[in-house]
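**Q** Before I ask anything, let me first share the structure, which is written out below as structure tokens.
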Amino acid sequence: MLIRILPVLVLSSLIPFSVMAEPSCGFTKNNTTPLNDNNWRYATDPHGSTASIKTALLHEEQVWIAFNRVPRVDAKNNSWVELIYDLVNKTLAGQSSIMLEYKSSTDLVVKLSQQDYGAQGDKSYAHYQYILPAQTHWQTKCINLSDFSRPNWTPTSSVDKGIIKEHVGAVYLVPDLKDAVGGKAVVAVKNISIRP
């Protein structure tokens, strides 16, 4: 007599993946706003680093920029390139996370531009930061503000005041190119959202 054994189905295998998976930080396409070119700009050092854009920085519903960073000039003059998102309300007060949909040919340093560490503060520019991995395809990442930290090169003279949300006016997206050698990088952003 032939006994037939039927496979046992695990209930979780019947649940659609979209139901089981957590949405990225609670962000969906329905609760994000289109990019506005008034909120975006870029900056490069005066030592020869350059930036290239298409017809405009915001082009075909995405921000796209190519950087060429020169090596550090000397001990007192470093090179730099930055893609800058000016916060709509010029503050992070009441906010707790940042969602970014991006592509980057290098790791991408997300910096909170806080006046205490910038030109109006101690001029260390050792802003709180978080490093996202390089991505060749669109990737959505959510970063909690509590996960940001100061860089390991922060000078001892820079007093750590923590993240003072009311003092953060912009988010800087900086390709992780090394001071000694510089290099090239392409960064694209399709969406950025800040939320409580």
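The values are calculated or read from the model by the stated rules, or taken from the named source; none is laboratory data. Source: prediction; values computed, not measured. Don't worry about glycine lacking a Cβ; one is built from the backbone with ideal geometry, like all the others, and counts go over all protein chains shown. The accessibility values were calculated without ligands, DNA or RNA, using every heavy atom of the protein model including side chains. Shrake-Rupley method; radii C 1.70, N 1.55, O 1.52, S 1.80 Å.
**Q** Determine the order of His47, His59, His137, His127 by accessible area, beginning with the largest, at a probe radius of 1.4 Å.
**A** The ordering from most to least exposed comes out as His137, His47, His59, His127.
**Q** Okay, next question. Compute, for Thr50, the solvent-accessible surface of its heavy atoms (probe 1.4 Å) with the complete set of protein chains present, and express it in square angstrom to the nearest 10.
**A** Accessible area of Thr50: about 70 Å².
**Q** Give a quick list of trypsin sites (Lys or Arg not before Pro) in the stretch 79-111 that DSSP marks as loop, anything other than H, G, I, E or B, with at most 12 other Cβ atoms within 10 Å. Numbers along the way, then the final one.
**A** Numbers: sites: Lys90, Lys103, Lys111; in loops: Lys90.
Qualifying residues, ordered by number: Lys90.
**Q** First compute the accessible area of the stretch 49-196 with a 1.4 Å probe, then give the percent of it belonging to carbon and sulfur atoms. Please list the in-between numbers first.
**A** Numbers: 3620 of 7350 Å².
Solvent-exposed carbon and sulfur of the stretch 49-196 make up 49 percent of the total.
**Q** Ok, one more. For all pairs of alpha-carbon atoms in the stretch 72-196, what percent lies in each bin of width 5 Å, listed from the first bin to the last filled one?
**A** Calculated P(r), rounded to whole percents: 2, 10, 21, 23, 21, 14, 7, 2, 0.
**Q** Go through Lys90/Lys165; Lys123/Lys161; Lys103/Lys141; Lys54/Lys178; Lys76/Lys111; Lys54/Lys103 and tell me which ones have a Cα-Cα distance over 18 Å in this structure. The partial results should precede the final answer.
**A** Working: Lys90/Lys165 10 Å; Lys123/Lys161 14 Å; Lys103/Lys141 11 Å; Lys54/Lys178 25 Å; Lys76/Lys111 22 Å; Lys54/Lys103 16 Å.
Where the Cα-Cα span goes over 18 Å, the pairs concerned are Lys54/Lys178; Lys76/Lys111.
**Q** Select from the stretch 117-189 those trypsin sites (Lys or Arg not before Pro) which occupy a DSSP coil region and have at most 16 other Cβ atoms within 10 Å, ordered by residue number. Display every interim value, and only then the final one.
**A** Details: sites: Lys123, Lys141, Lys161, Lys165, Lys178, Lys184; in loops: Lys123, Lys161.
Filter output for the stretch 117-189: Lys123, Lys161.
**Q** What residue among Trp80, Leu100, Tyr130 has its Cα farthest toward the positive end of the dipole of the stretch 68-135, where the charges are +1 on Lys, Arg and -1 on Asp, Glu, each on the Cβ?
**A** Towards the positive end, the residue furthest out is Trp80.
**Q** Moving on to the next point. Could you rank Glu60, Glu101 by how accessible they are, 1.4 Å probe, largest area first? Working shown, then result.
**A** On the way: Glu60 150, Glu101 20 Å².
Sorted by accessible area, descending: Glu60, Glu101.
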